Every structure is written in C-alpha cells, then in structure tokens.
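S.K.: Could you have a look at this structure, given as structure tokens, before my questions?
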Amino acid sequence: MEYIIYIVLALLIIGVSVFAGVQIDRSLLKQTLDKQKDDTQKQINQLLKEAELKAESLKNQAKQEAENLKREQTIELKETQAKIKRDAENEEARRKQAFNNQENKLKQKEQQVQKQADQIKKRETELDTIKDSLMQQAETLTAKRDEVDKMKASQKDVLEKIAQLTTEQAKLQLIESIRVEAETKASSLTKDIIDEAKISAAKSAKKLIIETIQRTATEHAIENAVTVFHLENDEIKGKIIGREGRNIRALEAATGVEFIVDDTPEAILISGFDPIRREIARLSLQKLVMDGRIHPTRIEEIVQKTTKALDEEVIELGERTVLDLGIQGLHPELIKLVGRMRYRSSYGQNLLQHSREVAKMCATMAAELGLNVKLAKRAGLLHDIGKVISDHPETPHAILGMQFAQKYKEHPEVCNAIGAHHDEIEMTSLISPIIQACDAISGSRPGARREMLDSYIQRLKDLEHLAQAFEGVSKCYAIQAGRELRIIVDADAMNDDKATQLAHDVSQKIEKEMQYPGQVKITVIREKRAVAYAK
C-alpha cells in the first residue's frame with residue numbers, strides 16, 4: 001500500500017514538474033518569438049526605406065535620361081531642318097542656273113535664226129537679180145534659136161537639092177546603116193563579155209563545185225513503191241491469207257498498204273506510196289511469221305507495237321543524223337521530221353541521203369565563200385522537210401517547210417533558204433542561192449534520180465525541136481543525157497557573130513520554156529568547107 005502511495009506521489013511530483021517546465025518553456029518561447037518579431041519588423045522597415053530610396057533614385061535617373069533624349073532629338077530635328085533647308089537652297093540654285101543656261105541657249109538660237117533669216121533675204125535678193133539676168137539671156141537665146149532654125153531650114157533645102165533625097169529618106173538610110181553596125185558591134189561585144197566572164201568565173205566556179213562534189217561521199221541507192229517480203233516456203237501464204245482472207249484484210253486495214261499474194265514463188269509484194277507504212281507492214285509481217293500466231297487480234301497488236309518502235313527508231317535516226325552533221329539546238333519535232341526523211345524518196349532518190357548530201361555540200365561552199373558554215377549546213381539539211389509533212393498537200397513543200405521552220409524558231413536566213421530554194425519566194429540572204437545550187441547538183445548528178453524512159457526521150461526531142469525552129473539551123477543533136485545541145489548551122493547564111501547570138505537566144509528560150517535538172521550547154525557549130533577538084 002505504501003508502495004502504491006509512493007508511486008502516486010512520485011507521479012504527482014513528475015506531473016507538477018512537467019507542468020511547471022512546460023509553462024516556463026512557453027514563456028521563454030513567447031519572449032523569443034516577440035523578440036524575433038521585433039527584429040523582423042525592423043528589417044522590413046529598413047528594406048522599405050532602402051526600396052523607397054532606390055525608387056527615388058531610379059525616378060530621378062529616368063527623368064534625367066528623358067531630358068537628355070529630348071535634348072538630343074531636338075538637336076537632331078534642328079540639324080535635319082537645316083539640312084533640308086540647305087538642300088532646298090542648293091536645288092533652287094541649280095534650277096536657277098539651268099534656267100539661265102536654257103535662256104542663254106534660246107537667245108543664241110534666236111540670234112542664229114535671225115542671222116539665217118538675214119542670209120535668206122540676201123540670197124533672195126541675189127536670186128531675183130540672177131532671175132532677171134537669166135530671163136534676158138533666155139530672150140536672147142530664143143532670138144538666136146529662131147535665127148538658127150531659119151539657117152537650118154535654108155541649109156536643109158540646099159542639102160536636099162544636092163543629095164536628091166528628102167530628109168525622111170536620109171534618116172531611114174542612116175538608121176539602117178547604124179542598126180547593122182550596132183548589131184554587129186553588139187554581137188561582138190556580147191561575145192567578148194561572155195568570154196571574159198567565162199575566163200574569170202568559170203575556173204573558180206568549176207573548182208568550187210568539183211571540190212564540193214569530190215569531198216561529199218554519197219550512196220546511189222534507189223527505192224521503189226513496192227517492197228518484196230521473202231518467205232521460206234509457200235505453205236505459209238495460206239496462213240497469212242487466213243480463212244476467207246480475214247488475216248490479209250486485217251493486215252491491209254491496220255497498215256494502210258496493199259498485200260499482193262500471187263504466184264510469185266516464196267515472196268509477197270507490199271505495195272504503197274508511203275514508205276513508212278510499207279516498212280511498218282514489212283516489219284509487222286516479219287514478226288507475225290516468226291511468231292506463227294496470225295489472227296486479226298494478234299495482227300493489230302503487232303502493228304501497234306511496230307508503229308511505236310518505228311517512231312522511236314525515226315527519232316533515234318534523226319538525232320544520229322543531226323549529231324553526225326554537228327548541228328546543235330534543233331527542235332525535237334524537226335529532228336523527228338529529219339528521221340522520217342529516211343522513208344521518203346524524190347524521183348527515186350532517198351530524201352535523207354539527199355538532204356545530208358546537200359548539207360555537206362552547202363557547208364563546203366559556205367566555207368570556201370567565207371559565209372556562215374553552221375547556218376548553211378542547217379538550211380541544207382532542212383530544205384526538203386516539207387516533203388515529209390502530209391497535213392497540207394495543197395501547199396508547196398518549200399513554203400510548208402519554211403512555215404514549220406519559222407514555227408520552231410529557226411534562224412530567218414535558214415527559213416528564207418528553205419522557202420526560196422525553188423523560187424517560191426524572194427531570196428534575201430547569200431545562203432539561199434547556195435542551197436538552191438547544191439540541191440540542183442545533188443539531184444542532177446548521174447544515178448541520183450530515176451526518170452521514166454518516155455519522159456526522158458521526150459525531153460531530148462523537145463530540146464532538138466526547140467533549136468530546130470531557129471532560122472539558119474541545119475541539124476541539132478541533144479547529147480550527154482540532155483546536158484548538151486549541139487547545133488550545126490549553115491555557114492553561108494550565118495556568120496560568127498550571128499552564131500554567138502544564136503547560142504544566147506537558144507539558151508534563153510530553153511530557160512523560159514523547158515524544165516530540166518542542172519544546166520544545158522549549147523554549142524553552135526559553123527563550118528565552112530571549100531571543095532575543088534583537079535581534073
């Protein structure tokens with residue numbers, strides 16, 4: 001029991017001690033907090049005072065900077081105003097000076113005009129004096145002319161009595177004698193001029209043309225309007241014809257040419273005027289025969305593929321041709337037309353080979369004559385592109401080719417050379433006659449073109465009949481394939497001067513009335529034979 005009491009007392013003592021300690025700690029903590037609060041309040045007040053001072057300082061500093069900025073802007077404004085004023089004064093002075101100069105010039109011109117007016121008045125006075133003098137001289141000359149007319153009339157009467165001829169008769173005799181003498185002298189002079197021109201020009205011209213032809217290598221190939229397709233055997237003909245001819249009809253409809261299947265052994269003829277269509281037909285038939293499947297659907301498919309492949313080949317051929325000739329900057333459409341020339345012909349002459357030949361000859365001639373070689377070569381290659389354009393059949397090929405060249409921005413000299421090489425338009429550049437000459441050389445050389453035998457013989461007969469129609473001609477012969485005409489005249493009826501005149505007249509008539517490639521040489525032969533017999 002006492003143990004419990006001791007414990008209770010001990011607990012009471014501990015509780016009182018704890019309570020007393022807590023009260024003491026609370027009072028101490030309160031004192032500490034109050035002290036810290038006072039210290040914090042003092043610091044806050046100190047910071048507020050410092051902030052107010054700093055704000056006042058910043059305010060004063062900003063006010064000072066604003067005053068400085070205002071002062072600087074005022075100074076700049078005054079300087080700008082002064083500069084504008086100076087510029088305005090300078091501009092006014094400059095304009096004033098220019099006005100004074102203009103006024104001085106006007107015064108000088110006015111003085112010059114006044115001076116010229118005074119000179120004109122002086123000249124008018126002089127002219128009036130000269131006019132009066134001339135009128136007096138004219139009156140004197142009129143009087144003298146009347147006297148001379150009277151003297152001429154009297155002399156005329158005296159001469160008519162002496163000569164026993166009237167004036168008209170004497171005039172006719174004099175005119176006749178002068179005419180005969182003039183004709184003789186004119187023929188002689190014409191012969192001398194022609195001979196001199198031949199001596200000076202023929203040598204260089206022949207040299208230039210011969211060198212051009214010799215330096216241009218070409219093939220003498222001739223194409224026809226019919227292509228022969230060879231077969232390994234005749235058994236495949238039936239397969240090509242098809243049941244009731246449906247395959248052959250499909251081929252003709254797809255290619256636009258005619259297939260001739262006759263008794264010709266191991267061959268089928270492909271006929272058509274368009275070489276490109278014939279080539280498409282030949283290649284398509286070749287593929288069909290190799291494939292073995294020949295029916296209308298397959299035919300259309302093969303023809304379409306062949307057409308596309310040939311178009312690509314045409315473009316490649318045109319590009320290769322342009323590259324070989326060294327021509328640059330040609331429009332793709334013109335390159336395509338150049339490639340299509342390979343499948344065109346003119347009088348049996350391949351058009352692409354002809355154009356390449358003309359281009360090379362034009363380049364050679366232009367180089368010899370000191371002209372633009374590139375333009376000459378370009379015009380030579382393109383001069384016949386109108387022949388491969390089938391959209392405008394009513395337009396001459398030279399004009400059509402010129403229009404396409406203009407459309408694709410070719411040089412004006414090239415366009416003129418294309419349009420003028422057959423004299424459809426006027427030649428305006430030195431390249432144009434070169435193109436015309438080279439075109440004639442390429443077309444007239446032996447083996448270049450093919451003519452029908454009847455038209456060839458008829459042309460020779462026309463040449464002989466034309467020369468036979470002239471007076472004094474005994475015989476005439478067309479030789480050298482129509483390139484030369486030899487005329488034999490009557491020596492008694494024609495002298496040497498008239499023979500020269502006859503050659504000139506025949507050449508002029510041939511130029512006006514006949515068409516021929518190249519040139520025709522006219523040779524007049526006059527021979528006098530004296531024959532005697534000793535008996």
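The values are calculated or read from the model by the stated rules, or taken from the named source; none is laboratory data. Only a predicted model underlies this, so the values are computations on that prediction, with no experimental measurement involved. With ideal geometry, Cβ positions are generated from the backbone for all residues, glycine too; neighbour counts draw on all protein chains shown. Heavy atoms of the whole protein, side chains included, go into the accessibility calculation; ligands, DNA and RNA do not. Shrake-Rupley method; radii C 1.70, N 1.55, O 1.52, S 1.80 Å.
S.K.: If you scan segment 495-531, which residues turn out to be modelled with pLDDT under 80 and over 36 Å from the mean Cα position of the chain (by Cα)?
M.R.: Lys528, Arg529, Ala530, Val531
S.K.: Any residue at all in segment 83-102 that is open to solvent by less than 90 Å² (accessible area, probe 1.4 Å), modelled with pLDDT of 85 or more and either charged (D, E, K, R) or over 58 Å from the mean Cα position of the chain (by Cα) (or both)?
M.R.: yes
S.K.: Suppose we keep only residues that are assigned to a loop (DSSP other than H, G, I, E, B) and charged (D, E, K, R) within segment 520-535. Which one would you say is most open to solvent (accessible area, probe 1.4 Å)? Talk me through it step by step, then tell me what you get.
M.R.: Here is the first cut: in segment 520-535, the ones assigned to a loop (DSSP other than H, G, I, E, B) are 520, 527-535.
This time we only want the ones that are charged (D, E, K, R), so: 527-529, 535.
Numbers: Glu527: 106, Lys528: 137, Arg529: 173, Lys535: 233 Å².
Filtering segment 520-535 for residues that are assigned to a loop (DSSP other than H, G, I, E, B) and charged (D, E, K, R), the one most open to solvent (accessible area, probe 1.4 Å) comes out as Lys535.
S.K.: Here's a follow-up. If I go through segment 242-261 residue by residue, how many of them are more than 49 Å from the chain's Cα centre (by Cα) and open to solvent by less than 60 Å² (accessible area, probe 1.4 Å)? Explain how you work it out, then say what you get.
M.R.: Going residue by residue through segment 242-261, those that are more than 49 Å from the chain's Cα centre (by Cα) are 242-246.
Now drop any that are not open to solvent by less than 60 Å² (accessible area, probe 1.4 Å), which leaves 242, 245.
Total meeting the criteria: 2.
S.K.: Looking at (1) touching a helix residue (DSSP H, G or I) at 6+ places or on another chain (Cβ under 9 Å); (2) surrounded by fewer than 16 Cβ atoms within 10 Å (Cβ to Cβ); (3) not in a loop (DSSP other than H, G, I, E, B), which is the only condition Gln515 fails?
M.R.: If we test Gln515 against (1) touching a helix residue (DSSP H, G or I) at 6+ places or on another chain (Cβ under 9 Å); (2) surrounded by fewer than 16 Cβ atoms within 10 Å (Cβ to Cβ); (3) not in a loop (DSSP other than H, G, I, E, B), just (3) comes out false.
S.K.: Then there's this: Looking at segment 251-291, which of its residues are assigned to a loop (DSSP other than H, G, I, E, B), out of contact with any helix residue (DSSP H, G or I) (no Cβ under 6 Å at 6 or more places or on another chain) and in contact (Cβ under 8 Å) with a residue 12 or more places away in the chain? Quick ask: steps written out before the conclusion?
M.R.: Step one: of segment 251-291, the residues assigned to a loop (DSSP other than H, G, I, E, B) are 256-257, 261-266, 272-274.
Remaining after also requiring out of contact with any helix residue (DSSP H, G or I) (no Cβ under 6 Å at 6 or more places or on another chain): 262-266, 273-274.
Scanning segment 251-291 gives Pro265, Glu266, Phe273, Asp274.
S.K.: Scan (1) under 27 Å from Met361 (Cβ atoms); (2) touching a Lys or Arg at 6+ places or on another chain (Cβ under 6 Å); (3) modelled with pLDDT of 85 or more; (4) not aliphatic (A, V, I, L, M) for the single condition Tyr477 breaks and write down its number.
M.R.: (1)
S.K.: So, in segment 39-68, how many residues would count as being open to solvent by less than 90 Å² (accessible area, probe 1.4 Å) and either at positive phi or not β-branched (Val, Ile, Thr) (or both)? Walk me through it before giving the result.
M.R.: Keep residues of segment 39-68 that are open to solvent by less than 90 Å² (accessible area, probe 1.4 Å), which gives 39-40, 44-45, 51, 55, 57, 60, 62, 66-68.
Now drop any that are not either at positive phi or not β-branched (Val, Ile, Thr) (or both), which leaves 39, 45, 51, 55, 57, 60, 62, 66-68.
So the answer is 10.
S.K.: Starting from segment 497-511, keep only residues that are in contact (Cβ under 8 Å) with a residue 60 or more places away in the chain, then list their pairs with residues that are surrounded by 15 or more Cβ atoms within 10 Å (Cβ to Cβ) and not hydroxyl-bearing (Ser, Thr, Tyr) whose Cβ atoms are within a distance under 8 Å, requiring at least 6 positions of separation or different chains.
M.R.: Listed by first residue and then by second, the contacts come to Asp497/Lys191; Lys498/Gly472; Thr500/Lys191; Thr500/Val524.
S.K.: Cβ-Cβ below 9 Å, separation at least six or inter-chain, first residue in segment 292-320 and within 20 Å of Glu252 (Cα to Cα), second of a type in the set (Asp, Glu) and assigned to a helix (DSSP H, G or I): which pairs?
M.R.: Qualifying pairs under 9 Å: Arg298/Asp291; Ile302/Asp291; Thr306/Glu279; Leu310/Glu279.
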